[in-house]
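Reading through the structure tokens given below for one structure.
The values are calculated or read from the model by the stated rules, or taken from the named source; none is laboratory data. Quick caveat, the model's predicted, so the values are computed rather than measured. Here the Cβ positions follow ideal geometry from the backbone for every residue, glycine too, while neighbour counts run over all protein chains shown.
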Amino acid sequence: MLASKLEQFWTKVTNIGIDENAMGREVIKNRLLNQLIFIAIVTSVLSLFTYLWIFQGMKIIYTTLANISVESIGLFFAFQKRHIVSRYLAGFVFPSLIAIHVLILGGNFGETNIFIALGVASFFLFEGQRRVQISALIYISILFVSSKLYTVDYITAYNSTPANPYDEILTFPMILIVLLLIILIYQAETKKYEAQRLGFIQDLEAKNAELASLNSELEEFTYIASHDLKTPIRSVSSYLDLSKIHLSRKDYDKAEHYLASAKSVTGRMYELVNDILEYKRISQSDTRVGQVDLNQILENIQQKMAPQLQALNGQIVFEKVLPRVTANANEMTAMFQNLIENGLKYNESSHPKVKVFHAIKSTNLYICVQDNGIGIAPEYHDRIFKFFNRLHTPETYEGSGIGLGLCKKIAQKYGGDIQIVSEPGQGSLFWISLPLRILSTSSK
């Protein structure tokens, strides 16, 4: 409990004036400075209590109070999100204050180690600002050399406080620990930042690749869709022109024939537009997912297609133990409906039949849709999953060629795929592979 509270307190101190979730090199330096200032304040306050307890004179008490004041100002500017001011206080003002202490106290209170710590801190705090970094290091070095010359030549003449030769020895391990912490904290934060940055880059690259793929797919889709829409429009226009000509000649039979042809073409156009809208709806569908009962999905499809099944003397057979999955119900419905409709449409049997079953193997869930239709030659197995690719003319079998492409798109959206096993005259078996993570908890 105590450790947790201390950790929370340290986190708050570290993130003074900083968003806790922010990352970046500048943020790392600001957090490091907050930690150093807080440590300096605590050390100065403890020193002040010590000096008051053993009372070594007012000079050292005043100088310690000055330390606490400058350090507190640095933390105040950090709170105001003016971290650059805090850095200059640490790199330039505080070394000057130490030099003034030497003038007043005569040195030998561990100023050598303090100057070293300030030099190392400035090196990290002004990383990337080469001129400021070098200026701070030169300035601190000049103050350090000047203070040593002063203490060697003038300590006896100007300071009545006796020098304590053990101060430097006692402060050295403390400063060493602080320096080690500075380096370790900086390295740990930098590694965390680099790992996060690499993750962002990888995510961005993946998103860019996905976007490029979507743009390419959209361009191809738009081109083919526009072509497939132009063709029936031209046909309708031609049929209407021919009908007009024959009407003017009072050849009503031929005029009626061409009008019927135009109506047939507009029917195919309507179907094509509906399929395009379905593609758009699935592509931009509600991304929310939930628990989807595949048995219920298939029962709904079966009820919806009841008139068609009756007309064809067809049958849809599926297991009553199909799993529940975490997915979008509209997408699952569209995928299975397209596969079942194809199994019934491309079928010359007197009793068309579509069977749906599943299996779980290794790390995948396999859902299979099998029909007793006309089958597909192996050389066309890849082609059928591309948008607007039809193996038959509209006069033979109606369809826009979007359905199977849409099924593949849905499967891939969930990290899966769809493949086919088929031979002409032997029916088709479509198997959808989905990662096991799509299974709902109740189905595992």
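Brief remarks on what is shown
- With respect to the conditions (1) more than 24 Å from Gly425 (Cβ to Cβ); (2) among the aliphatic types (A, V, I, L, M); (3) in a strand (DSSP E or B), Ile301 lacks only one, and its number is (3).
Matching residues to (1) on the phi > 0 side of the Ramachandran plot; (2) at pLDDT 75 or above:
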{"position": "Gly106", "(1), (2)": "yes, no"}
{"position": "Val132", "(1), (2)": "no, yes"}
{"position": "Ser135", "(1), (2)": "no, yes"}
{"position": "Tyr150", "(1), (2)": "no, yes"}
{"position": "Ala157", "(1), (2)": "no, no"}
{"position": "Ile169", "(1), (2)": "no, no"}
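- Residue count for region 69-102 satisfying the condition of being of a type in the set (A, V, I, L, M) and under 44 Å from the mean Cα position of the chain (by Cα): 9.
- Selection count where residues are outside any loop (DSSP other than H, G, I, E, B) and either of a type in the set (Lys, Arg) or surrounded by 21 or more Cβ atoms within 10 Å (Cβ to Cβ) (or both), scope region 313-331: 6
- The single condition among (1) in the same structural domain as Leu406 (by TED's automatic domain parsing); (2) modelled with pLDDT under 90; (3) of a type in the set (Asp, Glu) that Glu278 does not meet is (1).
- Search result, residues across region 190-245 that are at pLDDT below 75 and basic (Lys, Arg): Lys230
- Checklist (1) in a loop (DSSP other than H, G, I, E, B); (2) modelled with pLDDT under 75 applied to Glu127, failing item: (2)
- Answer from Phe387, Phe336 - the residue that is assigned to a loop (DSSP other than H, G, I, E, B) and either at pLDDT below 85 or in contact with a helix residue (DSSP H, G or I) (Cβ under 7 Å, 6 or more places away or on another chain) (or both): Phe387
- Matching residues, region 355-364, being surrounded by fewer than 22 Cβ atoms within 10 Å (Cβ to Cβ) and assigned to a strand (DSSP E or B): Lys355, Phe357, His358, Ala359, Ile360, Lys361, Asn364
- Test: residue in region 28-50 that is among the aromatic types (Phe, Trp, Tyr), outside any loop (DSSP other than H, G, I, E, B) and under 18 Å from Val85 (Cα atoms): yes
- Counting residues in region 345-354 that are in a helix (DSSP H, G or I), in the same structural domain as Pro424 (by TED's automatic domain parsing) and over 22 Å from Gly415 (Cα atoms) gives one or more.
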